[in-house]
Structure formats: structure tokens, C-alpha cells
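The block underneath contains the structure these notes are about, expressed in C-alpha cells.
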Number of protein chains: 2
Amino acid sequence: MVTFETSPDRYRHWKLTVDGPVATLAMDVREDAGLSSDYALKLNSYDLGVDIELADAIQRIRFEHPEVHAVVVTSLKERIFCAGANIMMLRGSSHGAKVNFCKFTNETRLAIEDASANSGLKFLAALNGICAGGGYELALACDEIVLVDDGNSAVSLPEAPLLGVLPGTGGLTRVVDKRHVRRDLADCFSTLVEGIKGKRAVEWGLVDRVSPTSQFKKAVAERAAELAAVSDRPAAGPGIALTPLNPTMTADEIRYSTVSIAFQRAKRTADLTIHGPSAPPPASADEILQAGDAFWPLRAFRELDDALLRLRGNEPEIGTIVIRTTGALESVLAYDRELLEHQSHWLVREIVHFMKRTLKRVDLTARTFFAFIEPGSAFAGSLFELALAADRSYMLHDDGEENAIALSPMNAGPLPMSNGLTRLQTRFLGDAGKIDAAFAHGGPINAGDAEELGLVTVAPDEIDWDDEVRLAVEARAAFSPDAMTGLEANLRFAGPETMETKIFGRLTAWQNWIFQRPNAVGDKGALKAYGEQGRPEFDWKRT
Amino acid sequence: MVTFETSPDRYRHWKLTVDGPVATLAMDVREDAGLSSDYALKLNSYDLGVDIELADAIQRIRFEHPEVHAVVVTSLKERIFCAGANIMMLRGSSHGAKVNFCKFTNETRLAIEDASANSGLKFLAALNGICAGGGYELALACDEIVLVDDGNSAVSLPEAPLLGVLPGTGGLTRVVDKRHVRRDLADCFSTLVEGIKGKRAVEWGLVDRVSPTSQFKKAVAERAAELAAVSDRPAAGPGIALTPLNPTMTADEIRYSTVSIAFQRAKRTADLTIHGPSAPPPASADEILQAGDAFWPLRAFRELDDALLRLRGNEPEIGTIVIRTTGALESVLAYDRELLEHQSHWLVREIVHFMKRTLKRVDLTARTFFAFIEPGSAFAGSLFELALAADRSYMLHDDGEENAIALSPMNAGPLPMSNGLTRLQTRFLGDAGKIDAAFAHGGPINAGDAEELGLVTVAPDEIDWDDEVRLAVEARAAFSPDAMTGLEANLRFAGPETMETKIFGRLTAWQNWIFQRPNAVGDKGALKAYGEQGRPEFDWKRT
């Protein structure tokens, strides 16, 4: 079982040091400390465990170290930055494990870019040695890249020529779409096992600058200081501590303080419940700071995030998840007002972006989500985003018309999907009038109105409810899981594509295809043949 | 061996009738006339042969019938519009055949939308009966859809629930991105085997209107007349005849009048050569009309198009194609000027859009293209697009500096890629200054300047040329063909995504993935189990 919580004192592969406004996140992978003993993490190669620490470190810098304005990402190993994902680990992984590994590493890279775009935290990749594959993809996620010019250190994406797979963490997309490397040069680069070094790496746009060994540390420190100087983060702390979530684990349930997920394994379904706040929000930003990670929105979304990761990583056969909420609409709306009122405060900003990233994690989870909206639920504002993220929503049309949902300004901008649109914009693509109509309604929206406004999928009455929702879940759970994954990946992301959606749509879909192909994973495939005697043998047919 | 040329007198599955400004394209599939005798094309289901006729018909309406302003797409079978792609055909097809089948049908649907967007030709899908899967996807490609309201006829996308695959011809994308069907309703619709009929199909946005059986023909005729009335096509003909290409076929070569493709099968490479015009262009639009399909740009691009289709369909192991041109730069530029001068003429408009579609076919061909630019070549203007479409271009830097390329206004807009950008915009993404610099150069551009301007990938000198290009091709042809397909699909489409690129990137990539999965194509998979005894058995793991 994989767990996703860690903390700096438990890191085995990274060293996080904070020196005034500049943090240094240095990779120093312990060969013998992989998640499995089947492989050794040589040359700063990584597995999911290494990336879980990286994700944690980025998160903690955002919440625990507001005084940090720039992060240097480097390595403690001599002449090696990072050799990328460990090949023996990939070779020994199931298809699903490979796909989820790539998804998590992609989300972590995008979290780096999110911090840069939205939190005033700039990242400098300081490549002190060879930087291959996923190592270079980590660098690509940073704002700037400086490469040591020692006559040897190169950046490279050797996956395609060497292993017959794609760089799986956004490399191809970022090379052309973020760094604007010319597509023909990108083609040469991505098929060159030894990579590109020195001046040519700058000319092609693969790195921002090179620096001789003797001046490398100084150049990095100077540039990091410059990047830190433009930040709008606070000059000093304190931050808040992200304390352990400590869920209660039983055979069929994970129970957190505000979230629970219960598995019906025989049915391949799960019930995910989020409890709304039980107390009114703090009265000021200072009180939010004092509440720290006990502040309901942060607590609830951290727990939701952890539940989603455990679901993905440990429960592959759970295909259909029913989302419910409990509590009072008005309580959630009060927290939404609080978040919006203090959104310029660094911590509130961090919390809202974290909620956004967690909701994106829902969008990107390859499982079906149905939201069940029943009396006593709290699908208001930011929690209503869960119903909008779901593939379908079922709302009980009760005789008394008391069952209700509610919108808040949190549905109108602060929590965009990875396509850059809000979930309401994606839902009502090309018809802004329907969004206006929904907001114009005001107040709680009962089932009849919600259905009329298009805010829920179906609103069965009390007579039909039990059968209809039961049959919907049963039918869904009986379909081909692959077809559902493909279906959802296409229907969820209507509208524009962004670099982020290209990474999860175009790049990942092709990578998943290749991860199935005998030319990669067959007995004679490139991923199997690497490091063994003999060369791979390919079926030469192109499609 | 599949061939892609046909003509209305040879159609077995479609009937094309022209009645003034309205053409009717009626599907009447002959069960026993599939490309293979392994399956019967029941219920107006189709295989590649049926779609080749459809593509031909659309093309001929554009070129041979300028007086046609609207096209009714319907069926001659009682109570059946179209049951979609033939399932037994899919089941018996190799992975590559499935992928190429979907690619061709997608290109045909997009050609319908291209005719609507750019040629003043509107399409009305007249659904006279059940319309399932690929049948509905064909309707989705039309401008409007009218469905008979007979209490029985429904539209449906039953692929995912019934066969464990995706609708492979853009259906999921067009439902949400073109017709703006709400994503949760689209989810319900795409998992409902029996589909949606009548008023609800209109409410959900799946069709534009329904019409009772008794009024159906009249409603279709009236709406077709209205659509025809807004066209800017000529009121009367004549069009031009698209005559047979009649290539000379030998074991290792296909030779047309202006194009040849020679296969080195042992090396898995091919040489594709396009000969520039040998005579000056006609002096007027009338003379272009008289020249008809002998007019060089139309002739050359028709031959190129056919060569690409034969390459895809019949030569799966040819992975790397070297593109060369012969002739004089100035001759090509003269034709480019002619095309631009008369671009408002209906025929010239058709020719330029056809050139555009052919170049898109290059972009979307899952083979590596290298352009070799040598003395005596004619990489100017519209032919230079081939070098820009190539994954790399090699230009001989001759001592005499006579080897040259040239740009024309055809490189600046009329021939966009499917991402909506020109190939120069995609190449210099985010740096319009480089495009300006290339055009500011003026006149022929020698190898040194072309490399400096970033218009070619590499410009080896005479000493290095032979070895460098030989090694480049050999290295490319030795890589995993799947990895190259994925690499190219990601690097070629930098920049924005459109509905068109989403269909080929996101949707197709997921479909290709599913087409590999045991849950679809394994012995117990849904595609294998359909129509057999027993239900499919799934590996329930989601990714």
C-alpha cells in the first residue's frame, strides 16, 4: 500500500534548506530506499517515493515557509543532477502503476508551475551534472534552467531512442509549448541519447544559460536572489504547519476528520463523503493563520486530496465513486465568503489554490464520479464544485422541496479546471447566459430549479430515487473500465486546451498507448531489453 | 491492397443525385460488397470501402458541381440511417488497420466541415431511421441534423457500453465541443445503448429538430433549400472533372505524372518526390477552369494525396519518408501568385483548400518525414510547406551557394495546419519576429541564410552531406515505430488545440490505447464478445 504523506524529517531522497528568501531543494536519492527492493535508485533516478517527497516539499514551502520567494532545485550528487525515472522500476511496474506514476509526477510538475504562476514562488533548476529524461522534465517545470558547462553535462530526453517510450512527464509538450524550442530541433533533441550540452543547449532554447563549473554556484545564487526579489510573498513568516492527517484505516474504509471513503469492493464502488464545517469561520485573516491546518477548507481539501491519491494508488478496481456531502449550505457559504474576503492574504491565497489543485485531481482521476445530492447535504459554493466535477449528479426531488444546492462566487473563477475555464463555463460551453441565469436565481436552489437551470443531471422524485441511483451505479460499474476512462477523458475537458490539458490529454494518452505496445513492454520490447543482453526487436509496422 | 480512387459510376454504397442547388447523398450499403468477404455490411454499416466512396462524393461535389449549395446526407434503407462502422470488420482488423480506418473516416468528416466552413456548402443530415455510432458521428459532422420522429428512431453512441471502445470518429468531441451538449448529459447519452429519440434528443442538443414521418421529406427539402440559399457558390456550373490519376505501379514504386514514391522496403524507407510545374501557369481563371485537373497544383496535390493514402494503407512498415522536390523555384512561385490572384474564384478556392487538406494529411500521417533540399529542388512557397511539415529538413550548403528555397504568401495563411496556425507560426511559436525576418529576406534564400533564419533544421556542407543524411535516415528507421508515432504526434502540434486537433490528439490517442487493451480486443474483450455467446469478461482495474 502506498501512502502519500511525508515530512522533511522523514525525507530519504531530498534535502530542503531555507536560507532567507531562497530555499534549496537538493536531490540526493538513496539507492537502497526505493519503494520496492527490486531496483536500486542509482544516479539520482527516482520512483514514486522520491516524487512523493518532492510534492510534499513544494507544498510545505508554500504553506510553512511564506518567507521563501525562490527555490533552487539541484542535486547533492557530484556531476549528476538526475537520471530520470528509474528504468528497472518502470520495467517491473504494471500498466496501471506506470500510468499512475506518470500522472502523479505530472501533477507535481504542474504544482511547481502553479506556485510560480500564482504564488510568487520562482523556481530555478540548477543542473550541476547530467540531466536525463525525467530529470530534464523536472527542470522544464522550473521557471529557469542553468546548466553547468563542464564539457560533459548535458540535458537529454533519451526515452524514445533508448527505451521506446515517451518522456512521460510533459517533456515533449513543454519543450515546444513552454520553451518554444523549434519543433524540428525538438525532434533532433528528443531522439539524441547523449543529449545537448553547452552553448548549443542555450541556442536551441533547452536551457536559459550555462555556467562554467568554477562560477556555477555563484551564478545560481545570484540568479536565485534576483528571482526572489520580484516575489509578492511576505518578507517573513510564520507559516503554518501541515500536520499529519492521521486517518483511521479499516479494511473497507479510510476515515479522516472531515472526509471518509468507504469501499464496496465486491461492487467495485466507493462512497466518498465530505463533511461541511461544523463551526463558523474565524473572524479575520490572523485567526485563519492561527487556525492553521485546522481551518476547515484546508483540512477538508487536504483530506480529500489524500483520499484521492490513496484511491488511485491502492484501489485500482474501484471504478465508480459516489460523492456526498453533509452539513449546512450556509456554513459552507460562510467559509467561501471568508476565503474571498481575505484572498489577498498569502495563506488564504495558498488555500484557494490548493482547493483548486485538489479539484483538478478529481477531474484527472480515471474513475467515474457520481454526485448524490440528498437532504442534509452541503453542495454549496466550493463544495458544489465536486458535483460539477462529477460525471453526473443526481439530486433528490423531495416532496417538501427542501433539498437544495447553492452557488457562490467560488463557482465563478477562483477554482478553474486545467482547461482554464470554470466548471460552470465548461458545463455551459458557449452559453454564458445559462451561467448568468444560475447566479441570478440567488439563494438556495431546490431540485426542480436546479434541474431546470441545468445545474444537476437528473432529479428523480422520492418514488424513483432509490431505484434510479442504484441502477445508475450498477450499470456504470459493469462497463469496460478502459472505455469509461477514455470516455471521461474526452467528455470532461470540453472547450479550450492548455499546456496542462495537452500534457494529460495528448501526451499522456499517447504514452499510455505506448505503455501497452509490445515494442515497449513485450519480451523483446525496448523497455524490457534495456540493460539486458541484446537489442530490442521491433514489430516495424507504423499505424 | 487498398486503393482510394473511385467515381460515382462505380459507387456500390452511395447514390449521389443533384437537383439544382441541392445534392442528395444517400447511403445504401450493399451487404455483400465490403472490402473483405469476412463480414456482411448489414443495416447500412460501413467499412473503409464505403467511406472511400463518401470521401470521393464530397470531393466531387466540391469540384464537379459548383452549382450545388447544400447536401442532404440520408439513406435509402427503410427506417435505417446508418448503424455505424461494421463491428465484424473492426473485430477482424489488425490494430494498425483499425487506427488507419478511424483516421481516414475522421479526415472525411473534417472535409465535410471544411466544405461548410470554407466553400459555402452546407450539409443537412436527414436521419430517416436508426442512427447509431459512426452513423451519428457522420450526422455530427453535418451543419444540421433532423431526425424522423416515428417513436422508434434514435441517435446513439453505443460503442462504450456495447463494445468497450470509444466512438472513433470524433463523436465524443463533437457532442460537447461542437454541439455543446452538456458534459453530464453527454455522459448519459454515450453510455445508453438504445440512444435518445424524439423531443429529448432536441432538448439535449443531440439533433436540431425532429419531424414526424409524414412531414419528414418535406421538412428536409425545405431546410435544405434554406441552407442552399445562403451559399456563395456559383449559381451554375460547369465544374471540372476529376479524372483518374492512373499511376504506374511497379513492385517498388508508384509513379504519377508529377509525384512518385519509391519504397526501399529492406530499409523501411521511401523516397517521395514532387515535380514542380514544367509550364507557366494559365493566364486567367477561365484558363484554369479549362485546364481542369491538369492544372499543376491540383494535379500535384491530388497525386500527393493519393500517394499518402496508399502509403498509410498498404505500406505499414515504411516508417521514414524522404521528401524531395524538383523543378524551378520561380515556376512554383508563379503558380502561387496565380492561386492568390484568383483566390476568390470558386475553383481556385477549392484547389487551395484541397492543397491545405493534403498538407494536413502529411501532418497527420504517422510516419517520419525528412525533407532533403538539394540543388535542382523546388521548395518554394506552397511546396516549401512540405519541408515545414517534415519532422526535419536537411539543406545542402553547397560551395556555390546556389541551392535555395523561397517563401511566398502561401506560407503566410492560406494553408493552415489543423491547429489553426500556419506551419511557420507553429515553427516559430510565440516569436512572430522570426517569421517577419524570414519574409523580409526576400528572394531565394540560400542554405546559410535558411539555417540562420531557422527555416531548415541543418545545412551540412558538401563534404558532410552524404554521410549526415544517410545516418539520419538509418538512425530514424531503427527507432521504435510506436515511440516515433507518439513523439511526432506531440512535437508536430505545438501551440493551440482546436476541435480538429482534439479529435486526432486526445480522442484518437485514447481510442488507440483502448484498441490495444484486452478489455476490448482480448479473447474475452467486449469487441470480441459482441454477437457471440456470453458476455465480455473484464479486467476491472482502472488506471
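Worth a mention:
- A single member of A:LEU311, A:LEU333 is touching a residue at least 40 places away in the same chain (Cβ under 8 Å), within 14 Å of another protein chain (Cβ to nearest Cβ), outside any strand (DSSP E or B) and of a type in the set (A, V, I, L, M), and it is A:LEU311.
- Among the residues here, A:SER93 does not qualify as hydroxyl-bearing (Ser, Thr, Tyr) and crowded, with 24+ Cβ neighbours inside 10 Å.
- The range B:209-247, residues that are of a type in the set (S, T, N, Q), open to solvent by 50 Å² or more (accessible area, probe 1.4 Å) and in a loop (DSSP other than H, G, I, E, B): B:THR243, B:ASN246
- Any pair with Cβ under 7 angstrom, 6 or more apart, that starts in the range B:430-450 at a residue that is among the acidic types (Asp, Glu) and ends at one that is open to solvent by 30 Å² or more (accessible area, probe 1.4 Å): B:ASP431/A:HIS180; B:ASP449/B:HIS441
- Qualifying positions in the range A:172-181 - more than 20 Å from B:SER480 (Cα to Cα), at the interface with another protein chain (Cβ under 9 Å from one of its Cβ atoms) and of a type outside the set (Val, Ile, Thr): A:ASP177, A:HIS180
- Residue that is surrounded by the most Cβ atoms within 10 Å (Cβ to Cβ) [pool: residues in the range A:133-150 that are in a strand (DSSP E or B) and out of contact with any Asp or Glu (no Cβ under 9 Å at 6 or more places or on another chain)]: A:VAL148
- Condition check for B:LEU245: out of contact with any strand residue (DSSP E or B) (no Cβ under 6 Å at 6 or more places or on another chain) and free of Cβ contacts under 8 Å to residues at least 24 places away in the same chain: no
- The set of residues in the range A:317-330 being assigned to a helix (DSSP H, G or I) and in contact with a strand residue (DSSP E or B) (Cβ under 6 Å, 6 or more places away or on another chain) consists of A:LEU329 alone.
- Members of the range A:37-84 that are of a type in the set (A, V, I, L, M) and more than 27 Å from A:ALA235 (Cα to Cα): A:ALA40, A:LEU41, A:LEU43, A:LEU48, A:VAL50, A:ILE52, A:LEU76, A:ILE80, A:ALA83
- In the range A:406-422, residue farthest from the chain's Cα centre (by Cα) [restricted to those that are within 14 Å of chain B (Cβ to nearest Cβ) and touching a residue at least 24 places away in the same chain (Cβ under 8 Å)]: A:LEU421
- Complete set of residues in the range B:370-382 that are closer than 22 Å to B:GLY319 by Cα, crowded, with 24+ Cβ neighbours inside 10 Å and under 24 Å from the mean Cα position of the chain (by Cα): B:ALA371
- For the range B:384-398, a residue qualifies if it is in a loop (DSSP other than H, G, I, E, B) and within 14 Å of chain A (Cβ to nearest Cβ), and the qualifying residues are B:ALA390, B:ASP391.
- With respect to the conditions (1) open to solvent by less than 10 Å² (accessible area, probe 1.4 Å); (2) touching a residue at least 24 places away in the same chain (Cβ under 8 Å); (3) at the interface with chain B (Cβ under 10 Å from one of its Cβ atoms); (4) within 21 Å of B:ALA509 (Cβ to Cβ), A:THR169 lacks only one, and its number is (3).
- Selection within the range B:413-445 - in contact with a strand residue (DSSP E or B) (Cβ under 6 Å, 6 or more places away or on another chain) and crowded, with 20+ Cβ neighbours inside 10 Å: B:ILE445
- Any hit, the range B:502-515, residues being open to solvent by 50 Å² or more (accessible area, probe 1.4 Å) and part of a helix (DSSP H, G or I): no
- Hits in the range B:490-543 - residues which are under 26 Å from A:SER94 (Cα atoms), more than 7 Å from chain A (Cβ to nearest Cβ) and of a type in the set (A, V, I, L, M): B:VAL521, B:LEU527, B:ALA529
- Residue within the range B:338-350 that is under 19 Å from the mean Cα position of the chain (by Cα) and open to solvent by 10 Å² or more (accessible area, probe 1.4 Å) present: yes
- Residue pairs whose Cβ atoms lie under 9 Å apart, sitting 6 or more positions apart in sequence or on different chains, and linking a residue in the range B:217-234 that is at pLDDT 95 or above to a partner that is surrounded by 14 or more Cβ atoms within 10 Å (Cβ to Cβ) and in a helix (DSSP H, G or I), are B:ASP232/B:TRP346; B:ARG233/B:TRP346; B:PRO234/B:TRP346.
- Residue in the range A:65-74 that is closer than 27 Å to A:VAL230 by Cα, out of contact with any strand residue (DSSP E or B) (no Cβ under 6 Å at 6 or more places or on another chain) and among the charged types (D, E, K, R) present: yes
- Looking across B:GLY376, B:GLY400, B:GLY381, one residue alone is without any contact (Cβ under 8 Å) to a residue 12 or more places away in the chain and not acidic (Asp, Glu). It is B:GLY400.
- Number of the condition not met by B:GLU537 [criteria: (1) farther than 26 Å from A:PHE101 by Cβ; (2) touching a Leu at 6+ places or on another chain (Cβ under 9 Å)]: (2)
- Set A:ALA300, A:ALA328: member being surrounded by fewer than 17 Cβ atoms within 10 Å (Cβ to Cβ), aliphatic (A, V, I, L, M) and in contact (Cβ under 8 Å) with a residue 40 or more places away in the chain: A:ALA328
- Selected residue [in a helix (DSSP H, G or I) and either open to solvent by 10 Å² or more (accessible area, probe 1.4 Å) or on the phi > 0 side of the Ramachandran plot (or both)] from B:GLU497, B:GLU451, B:GLU401: B:GLU451
- Residues satisfying the stated conditions in the range A:454-488, i.e. more than 24 Å from B:LYS528 (Cβ to Cβ), open to solvent by less than 40 Å² (accessible area, probe 1.4 Å) and not β-branched (Val, Ile, Thr): A:GLY454, A:LEU455, A:ALA459, A:PRO460, A:TRP465, A:ALA472
- All conditions but one from (1) under 27 Å from the mean Cα position of the chain (by Cα); (2) surrounded by 22 or more Cβ atoms within 10 Å (Cβ to Cβ); (3) farther than 25 Å from A:ARG367 by Cα apply to A:ASP391; the one that does not is (3).
- In the condition set (1) more than 29 Å from the chain's Cα centre (by Cα); (2) within 14 Å of another protein chain (Cβ to nearest Cβ); (3) open to solvent by 40 Å² or more (accessible area, probe 1.4 Å), A:LYS199 is compliant with all but (2).
- Here A:ASP184 does not fit the description of being in contact (Cβ under 8 Å) with a residue 60 or more places away in the chain, crowded, with 16+ Cβ neighbours inside 10 Å, within 14 Å of chain B (Cβ to nearest Cβ) and among the acidic types (Asp, Glu).
The values are calculated or read from the model by the stated rules, or taken from the named source; none is laboratory data. Everything numeric in this text was worked out from a predicted model, so none of it was measured. Don't worry about glycine lacking a Cβ; one is built from the backbone with ideal geometry, like all the others, and counts go over all protein chains shown. To get the accessible areas, we keep the full protein, side chains included, count just its heavy atoms, and leave off ligands, DNA and RNA. Shrake-Rupley method; radii C 1.70, N 1.55, O 1.52, S 1.80 Å.
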